[in-house]
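Structure record follows, encoded as structure tokens.
The values are calculated or read from the model by the stated rules, or taken from the named source; none is laboratory data. In this text, all values refer to a predicted model and were calculated from it rather than measured experimentally. Cβ placement follows ideal geometry from the backbone for every residue including glycine, while neighbour counts extend to all protein chains displayed. Accessible surface is based on the protein model in full, side chains and every heavy atom, while ligands, DNA and RNA are left aside. Shrake-Rupley method; radii C 1.70, N 1.55, O 1.52, S 1.80 Å.
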Amino acid sequence: MMSRSVYISSLLYVLKVAILAVCYYVAGRLGLLLVIPPGQAAAIWPSAGIALAALLLLGWRYWPAVLIGAMGTSLYHHEVVDLRAIMIALPIAVGATLQALCGLAII
């Protein structure tokens with residue numbers, strides 16, 4: 001049985017991951033407003049800055065939040081979330097996560 005302090009710290013970790021994932025997703029949606037037509041490339045991607053700042057402040061163990069937020073942002077473009085959409089969005093999310101972790105390692 002988990003002690004109360006372990007339970008509370010685990011709950012706080014999950015809450016922080018959820019909040020960071022939502023922040024990444026919202027920033028990603030705002031970044032999608034800056035897309036250069038006709039493609040999906042944005043000149044500015046605020047989610048990358050949020051991910052790097054969060055990992056610098058909170059630590060590398062919050063990388064799942066970046067992965068979840070990037071996955072949600074990538075899945076936004078798809079009308080139907082099926083296996084094909086997930087197989088497209090997953091490498092993008094992994095790349096965004098690795099980008100933040102590499103930036104953290106460099107800094």
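Calculate what fraction, in whole %, of the accessible area of the chain sits on carbon and sulfur atoms when a 1.4 Å probe is rolled over the protein chains.
Taking all protein chains in place, the chain shows 74 percent carbon and sulfur surface.
Label points 7 Å out from Cα along the Cβ direction at Val22 and Ala105: separation in nm?
Result: 3.2 nm between the two label points.
If you count only protein heavy atoms with a 1.4 Å probe, what accessible area per residue comes out for the chain, rounded to a whole Å²?
Ligands and nucleic acids excluded, the result is 66 Å² per residue.
What's the ranking of 91-98, 67-74, 17-24 by average number of surrounding C-beta atoms within 10 Å, highest first?
Ranked from most to least packed, the peptides come out as 67-74, 17-24, 91-98.
For Tyr76 and Ala41 in the same chain, what is the full-extension length gain: residue separation times 0.36 nm, less their Cα-Cα distance, in nm?
11.1 nm
Using helices alone, I'd like the mean residue ellipticity at 222 nm for the chain: each DSSP H run of four-plus residues gives -39500 (n - 2.57), total over residue count, nearest 500.
Result for the chain, helices only: -25500 deg cm²/dmol.
So how much slack lies between Ser10 and Ala53, counting 0.36 nm per residue of separation and subtracting their Cα-Cα distance, in nm?
13.3 nm
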